[in-house]
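K.L.:
Could you have a look at this structure, given as structure tokens, before my questions?
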Amino acid sequence: MDRATLAVQYVFMFTLAAGIVVLLAAVQSTRDERRYESAMLRTLGASRATVLQGVAAEFSALDFYPEHCACGATASAGFWHAACSRSNTPSIPQCGRPAWCAARYWWD
């Protein structure tokens, strides 16, 4: 059991490291574009604070949407699995069965 836990932890750490590398690559690839946009905004009269607020809003959006989509998908999958496992149906139901599984879960 300890070896399995250790293996899962290694996979988690590898996935986390890969995600950080991808994030850094994405930020690095758009750096020139952000510099150009910041220079244009400053030329048109925007203050430094306005430019920084725009960059902060961009990075917040890049964090917010994928994070909440992943959380929603995980919660939906967990609910679906729990509903189907309680109603004695296969864990991967055919078309039309997920709604029945969910309805049966609430009535039990």
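Values quoted throughout were computed directly from the atomic coordinates according to the rules given, and no laboratory measurement underlies them. These figures come from a predicted structure and were not determined experimentally.
K.L.:
For a quick size check, give me the Cα extents of the range 26-73 along its three principal axes, largest first, whole Å.
P.N.:
Over the range 26-73, Cα extents along the principal axes are 43, 21, 11 Å.
K.L.:
Right, another one. Rg (Å, one decimal) plus Dmax (Å, integer) for the alpha carbons of the range 11-52?
P.N.:
When restricted to the Cα atoms of the range 11-52, Rg and Dmax are 15.5, 49 Å.
K.L.:
Convert each backbone phi in the range 66-77 into a coupling constant with the Karplus relation 6.51 cos²θ - 1.76 cosθ + 1.60 (shift: θ = phi - 60°), then list the ³J(HN,Hα) values in order as whole Hz, x for Gly and Pro.
P.N.:
The phi angles translate into x, 5, 6, 5, 5, 5, x, 5, 5, 5, 5, 5 Hz.
K.L.:
If I stretch the segment between residue 18 and residue 5 completely, what's the gain in nm (0.36 nm per residue apart, minus their alpha carbon distance), one decimal?
P.N.:
The span from residue 18 to residue 5 would gain 2.7 nm if fully extended.
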